[in-house]
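The values are calculated or read from the model by the stated rules, or taken from the named source; none is laboratory data. Note that the structure is predicted; figures quoted are calculated from it, not measured. Virtual Cβ from ideal backbone geometry, glycine too; neighbours counted across all protein chains shown.
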Amino acid sequence: MVKAPKMQHSKALRRKRRSRSLLALSTTALALPGIATADAPPTESAVSYKISNYKEDDLSRREVLFGDLNRYDIDVHQFKLVSPLGRNMAINFDANYETLSGASPWFTTAGANGEPVVNLSGASGIHDRRSEASIGARYYLENGSFGGNIGYSEENDYRAVYIGFSGERHFNSDLTTVSLGFSHSEDEIFPTDAEIFNRIINDDKQSSSVFVSVSQIINQLSTFQSAISITEQTGFLSDPYKLRDVRPEDKKQFAWSNSYRRFFVDADAAWHTNYRYYHDDFGINSHTADMSWHQNVGKSLQIVPHLRYYSQSSADFFTNIDNPLNPLTEYQSSDYRLSAFGAISGGINFILELDKWIVTLSTERYIAKEKYSAYKVSQPSTALVKYNRVSLGFDYSF
C-alpha cells in the first residue's frame, strides 16, 4: 500500500528558477518504483487534484461461456496538499476515493473445442468503493532529508493500515544521492457473500518492503538512477472471489529499476528511458521497458508521448483451466495476472503551466496478449486485459 518515492513533475514545473533542461530532465510520465530524487524543501504550499477513468474492454461471447461481458470501470479522485512548516520541514496530506463496477473472472473451464473459456462474475453485483488517506512529514538537512508517512485504506471487503520511512543523503557536491526506505502494511480481508459462496469469512496479510537507490547527475544534461527493492508478503495471498484459487502464504519479491534522462538543447526536449527487472518466488520473472519524449513548446506547454513494453513468465502453479477436484493443499490459480503474457501501452500527456496553475491531461491505451510475451506461453489465458485510461489534473501553488 505504501508507494515508493517517485520523480514528481509538479515540483519541477513550479520552480521557475530552474532551467528548461532541468525541468525536462526531472519530469517523468512513467516513473519506476524505488527510484527517489533529491529535492529542496518547498518554499510555498501546493494543492493538487486529479480525476481519472480506467475502463477495461468488454470480452466477447466467444471468450465467455456465460455471465456478463462488462469488465471493470473505475473512477479515481486524488487529492494532495504539500506545505512548508518552518524553513526545513514540510508536511503532506493525501486522499484518494475510487468507485468500481463491472465483472471479474470467476473460474475457467474447457470449451467445446477444448480451449479455455472464462466465466465472469455478474457485473450487476460488483460495486465497490475505496477511500484512502495518509499524512506525512519530511525534514530537510543541509546534505539530505528524512521523513515518514502513515495511512489508512478501506473498501467494502478490505482494509489496510500502513507506514513508511525514507531518507536520503547527498554526496560528491550534491551530484550523488543515496536513498533508503522501508514500508509496512497490515491488511484485513473480509469478502462479501462469504457464506453464500463458501468463501473465507475473515483473514489477514502483511507486507514489508525495503529499497535502496543511487541517483547520479552525470552532467548538466543527463542523470542516471538505479534502485533495488525487496518485498515480502505473508498471510492470505489467494483470491477469495475465485471458485478455486490456492496460493502459498509467503511471497518474496525482488525488483531492480533503472532510469536515464538526457536533455537535448537544440530540440529543447528530454528523452527518458526506464528499465525494471522483477522476480518473485511464485516463479514470475518480468521485464519492463518504457521511454518518453518530453517536448517543450513555447514557455508554458510540454507534450509527452510515451511507450511501454512489459513481459512476464507464468507462476509455477498457474493453470488456464481450473480443476475443482484438486485438493486444497495443492496450489493452483487461473488468475490471468499470473499467466505468461506481454503488453504494449502508449499514450500522450499535455502539461500546461499558467502562472501558479499546472494543468495535466494524460491518456493511455494498454493491450495485453500472449503473442507479445518474450517468454514461452504454454497455457494462454483467456482473460488478458485491454484498457483505456484518461486523467485530468490540476496543481495550484500559493
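Do the conditions hold for residue 313, that is, is it small (Gly, Ala, Ser), out of contact with any Gly (no Cβ under 6 Å at 6 or more places or on another chain) and over 22 Å from residue 277 (Cβ atoms)? Steps first, please.
Working: small (Gly, Ala, Ser): yes; out of contact with any Gly (no Cβ under 6 Å at 6 or more places or on another chain): yes; over 22 Å from residue 277 (Cβ atoms): no.
No; evaluated as a whole, the condition is false for this residue.
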Boolean, residue 223 is under 27 Å from residue 318 (Cβ atoms), of a type in the set (Val, Ile, Thr) and either surrounded by 16 or more Cβ atoms within 10 Å (Cβ to Cβ) or over 20 Å from the mean Cα position of the chain (by Cα) (or both): no
Boolean, residue 207 is in contact with a strand residue (DSSP E or B) (Cβ under 9 Å, 6 or more places away or on another chain) and either among the small types (Gly, Ala, Ser) or in a strand (DSSP E or B) (or both): yes
Every pair of residues 6+ apart whose Cβ atoms lie under 7 Å, when the first sits in segment 333-357 and is in contact (Cβ under 8 Å) with a residue 40 or more places away in the chain while the second is among the acidic types (Asp, Glu) and in a strand (DSSP E or B): 347/364
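May I ask you to say which residue of 234, 192, 223 is hydroxyl-bearing (Ser, Thr, Tyr), more than 27 Å from residue 155 (Cβ to Cβ) and either at pLDDT 95 or above or out of contact with any Leu (no Cβ under 9 Å at 6 or more places or on another chain) (or both)? Even if it seems obvious, please write down each step before you answer.
Details: 234 fails: more than 27 Å from residue 155 (Cβ to Cβ); 192 fails: more than 27 Å from residue 155 (Cβ to Cβ).
Only one candidate passes the filter, namely 223.
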Given (1) modelled with pLDDT of 80 or more; (2) of a type in the set (D, E, K, R); (3) crowded, with 19+ Cβ neighbours inside 10 Å, number of the condition residue 58 does not satisfy: (3)
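What number of residues within segment 45-75 satisfy the criterion of being over 19 Å from residue 387 (Cβ atoms) and either hydrophobic (A, V, I, L, M, F, W, C) or part of a strand (DSSP E or B) (or both)?
Let us first name the residues in segment 45-75 that are over 19 Å from residue 387 (Cβ atoms), namely 45-49, 61-62, 65-67.
Retained after the next criterion (residues that are either hydrophobic (A, V, I, L, M, F, W, C) or part of a strand (DSSP E or B) (or both)): 46-49, 65-66.
Total satisfying the criteria: 6.
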Some residue of segment 308-326 being crowded, with 16+ Cβ neighbours inside 10 Å, at pLDDT 95 or above and closer than 19 Å to residue 271 by Cα: yes
